[in-house]
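Here's the structure we're looking at; comments come further down.
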Amino acid sequence: MAKATGGEGTSFDIQSVSRVGQILALYGPQTAELTAVDVAERLGLNRTTAYRYCTSLVTAGILERGQRRGAFVLGGLILQLGIQALGRRQVVEIARRYLRRLSAEVGTTVVLSLWGTSGPVVALVQEDAARTVVVTVRVGAELDATSAQMRVFLAYLPDPHLVDQVTAGLSAADRASLEAAIYAVRRNGYSTVTLPGGLYGAAAPIFDEHGIAATIAVLGAGGMDSVAPGSPTLSRLVATAAEITEAFATGRDVEPGPELR
């Protein structure tokens, strides 16, 4: 079969992905198990095709064998992804009010980032409403190895291959510099960077029970004295990251106090 234009794969590939989505959509609160016969009947497939899809999804970890003979249940991979997606939504919602408060306190833009497929992705941006001119970054932007957020993630994510992936193509000197910065994050609990155009950035980690869940960062203009060790801005950043971690872990901050409104 001919390839689709733009290198997007064959139409068979696309149909297969769509079929997988249809199978997974059959599961719900009232449907914990399905047999290949159930899948065939509900999607209008022949039983052999339905069984082949189900067993392939078992191999991929997307489904698992159920307790009933011939039944399939959602697998560990789906459960893991669901937990991660739920956690991401929770940390974004909890962090929103803390970003608003921190931005007002330190007079800079505050950014929340989540780990994407290959680096931090900006999920929330809170600009200082009191300023006419602000330094900012767009939501959805993927940050590179020069960012403080990337260095914090690399310091705490458990995948030992991430540093190699991020530093692929870098010079030996640049790689050594990044590795030193990662070590400093583990020692200090935060990262600070000088950015082009006289800008600075600083980031600290937010954790859940699985490890690092997000990073919170400040972005501003001026000298690095603004985020020097012991500075008010850096101290409030680190303290706010700890507060979000606690709120995320306990769920206690459903209704924020007046100081967070």
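Since every read-out is calculated from the coordinates, none of them should be taken as a lab result. Since this is a predicted model, take the numbers as computed values, not measurements. Cβ sites come from the backbone with ideal geometry, for glycine too, and all protein chains shown count toward neighbours.
In table form, for the structure just shown:
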read-out	value
Ranked R151, R97, criterion: other C-beta atoms within 10 Å, fewest first	R97, R151
Neighbour-count order for D164, D38, fewest beta carbons within 10 angstrom listed first	D164, D38
Positive-end extreme of charge dipole, the chain - chosen from S147, A217, T49 (charges on Cβ)	T49
Folded to 0 to 90 degrees: helix 47-59 orientation relative to the chain principal axis, Cα	30
Entry for P(r) over Cα pairs in 10 Å bins from 0, in percent (calculated from the structure that is shown) out of (i) 7, 29, 35, 21, 6, 1, 0; (ii) 6, 21, 19, 9, 11, 14, 12, 6, 2, 0; (iii) 6, 25, 24, 19, 16, 8, 1	(iii)
For L195, residues with placed amide H under 5 Å, excluding near neighbours	Y200, G201
Only Lys, Arg (+1) and Asp, Glu (-1) charged, at Cβ; region 84-260 dipole about Cα centre in debye	160
Cα-projected label distance for A249 with T146, points at 7 Å along beta-carbon direction, nm	3.6
Gain in span if fully extended, E209 to Q30, counting 0.36 nm per residue against the direct Cα distance	61.6 nm
Cut-off of 10 Å, at most 11 other beta carbons, DSSP loop: longest stretch of the chain lacking such GluC sites (Glu not before Pro)	9-208
Per-residue Cβ neighbour rank within 10 angstrom, fewest leading, T233, T48	T48, T233
Over the chain: helical MRE at 222 nm, DSSP H runs n ≥ 4 each giving -39500 (n - 2.57), nearest 500	-14500 deg cm²/dmol
Net dipole in debye of region 5-74 [+1 Lys, Arg Cβ; -1 Asp, Glu Cβ; about Cα centre; nearest 20]	260
Positive dipole terminus of region 36-167, leading residue within G61, P160, A129 (C-beta point charges)	G61
